[in-house]
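Remarks on the structure that follows.
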């Protein structure tokens, strides 16, 4: 009889087919909102590889997230029990299992018989999970598969201080801007995950031998970091992502034999051991499965530029520019005698210098100005010290206040800057000079990165999130999770419970608004209020902030994302005037 074990993970669904305790086939597919569909796809793929059909499967067991929602499963298996069963089957000497998944990690202690005796889970932040590496690969602008090998080339040991995935992404951007090599950063991020992982293992009192499973077990940099911090080697399955599905199938097969009175001994020649570890015996792989096309990146804002009609720049007595190299996007602004002549917004890459150059090139496209024509240029933002053509730098807080005062008018007193990876509440005077400010420093759930995660999850273009969130009659309860990555998991659960995309977005926009309102209240809201940064374009968040505060935010025109660069260009005008070169 063929038994199927299904493991429903946060990102992927795994299936293992067993026949007489021999692995017949296995599959790993991307999960989604519809768990039943992902399970059916995974099972279908495994059956195709083994040249079997659904009628050949006599028993189906399921484990993992929301396992009770899979209607065609005959049995539900506890995840921790399935994990230890699969690990013990592969490595009879194993007594501790480390499972590092996409959005969570856990350490499990087991007895000689494979029973769970202790358990610890990372349940506060996803910084100790695979999502951490995904975020870092994006910040480093390399493929996910390259991060592990790259970390082994590190020459220096660095320490990532951030405990939040998104704040760590910001920290990586800052390290890149400071000239730290990508290899050193890659090792630092693996060491950060390993520190959290080994801490869990020590909480349960680790016993040898230790097995490492989950997606990150395929990352050689991660394995190296865990082994260095454990000060011992770990056992690695040949396919570490299917261990829990394998355990579910093994437990289900045993339960089925007991229920039917079939006590035939398990096959012993299942695992071939070698110095490199075990190798799974797969009876048939069947025809190749076609690769799925790369998914659409719904989270990306479009790059754009604007220029004033005519050639007013030729008449300008002082031509200044500001370049704001942010963590996610970069803007360049051109002013002629203090008037807006051109601006651009482009995506920030892994090199600040290149991002600054690109922003300036896009802003100057078609207006006949070269960098050499400017009287003064100021850099701001995360990468301000690496704007190659800037004569001075000014902090983004000062630049956003100055730019908001210029674009919104001198009555502006409070600025909420909602960027890609941080959020700041700023108070200023009538000249746009900062009087006080505060920024979020614990979690990035109130930043643009959170909305990017929702855009990709819901497959809704990021510029449509706000309007969609306002399309419902009444807001549902807010999401409770404060972590961007855990909020993604919570949103998935809500969708599986029947919530519409609009309801999920409304709940998340409301949660974001509540967080930034607390920030504003701490700094003290003084009228008038305006909002800058990318999230200022999200009407769903803006309207909920206005409702919570009981005020209407002054709209920044022509574009709230250029406020920092505008402020930098204004400071450049001041510096040029003070230089004595202005006529």
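The values are calculated or read from the model by the stated rules, or taken from the named source; none is laboratory data. These numbers were taken from a predicted model, which means no experiment stands behind them. Because the Cβ atoms are built from the backbone with ideal geometry, glycine has one as well, and the counts that use them run over all protein chains shown.
Checking the structure you have, find out if any residue of region 101-112 is in a loop (DSSP other than H, G, I, E, B) and out of contact with any helix residue (DSSP H, G or I) (no Cβ under 8 Å at 6 or more places or on another chain). Yes, region 101-112 has at least one match. Under the condition of being part of a loop (DSSP other than H, G, I, E, B) and under 22 Å from the mean Cα position of the chain (by Cα), the residues counted in region 1-29 number 3. Being closer than 26 Å to residue 459 by Cβ, surrounded by fewer than 24 Cβ atoms within 10 Å (Cβ to Cβ) and in contact (Cβ under 8 Å) with a residue 24 or more places away in the chain is the requirement here; does residue 503 meet it? Here the answer is yes, as residue 503 does meet what is asked.
Within region 304-335, the set of residues being more than 24 Å from residue 424 (Cα to Cα), at pLDDT 80 or above and in contact with a strand residue (DSSP E or B) (Cβ under 7 Å, 6 or more places away or on another chain) comprises 304, 305, 306, 307, 308, 316, 319, 320, 334, 335.
Of 150, 140, all but one fail to be within 16 Å of residue 218 (Cα to Cα) and in the same structural domain as residue 211 (by TED's automatic domain parsing); the exception is 150. Being more than 33 Å from the chain's Cα centre (by Cα) and either in contact (Cβ under 8 Å) with a residue 12 or more places away in the chain or crowded, with 20+ Cβ neighbours inside 10 Å (or both) is a condition met by no residue of region 379-389. Tallying residues that are outside any helix (DSSP H, G or I), surrounded by fewer than 22 Cβ atoms within 10 Å (Cβ to Cβ) and touching a strand residue (DSSP E or B) at 6+ places or on another chain (Cβ under 6 Å) within region 554-583 yields 1.
Identify, by number, the condition in (1) in a loop (DSSP other than H, G, I, E, B); (2) buried (at least 24 other Cβ atoms within 10 Å of the Cβ) that residue 401 doesn't meet. Going through (1) in a loop (DSSP other than H, G, I, E, B); (2) buried (at least 24 other Cβ atoms within 10 Å of the Cβ) one by one, residue 401 breaks only (1). Looking only at residues of region 430-474 that are out of contact with any helix residue (DSSP H, G or I) (no Cβ under 8 Å at 6 or more places or on another chain) and not in a loop (DSSP other than H, G, I, E, B), we find that the one that is modelled with the lowest pLDDT is 456. Every residue in region 537-552 that is surrounded by fewer than 22 Cβ atoms within 10 Å (Cβ to Cβ) and in contact (Cβ under 8 Å) with a residue 60 or more places away in the chain, please. Hits for region 537-552 are 537, 539, 543. Here are some residues: 370, 425, 404. Which one is more than 17 Å from residue 177 (Cβ to Cβ), in contact with a helix residue (DSSP H, G or I) (Cβ under 6 Å, 6 or more places away or on another chain) and assigned by TED's automatic domain parsing to the domain that holds residue 319? That would be 404, the only listed residue that is more than 17 Å from residue 177 (Cβ to Cβ), in contact with a helix residue (DSSP H, G or I) (Cβ under 6 Å, 6 or more places away or on another chain) and assigned by TED's automatic domain parsing to the domain that holds residue 319.
Exactly one residue out of 65, 81, 139, 87 is within 19 Å of residue 240 (Cα to Cα) and surrounded by 23 or more Cβ atoms within 10 Å (Cβ to Cβ), and it is 87.
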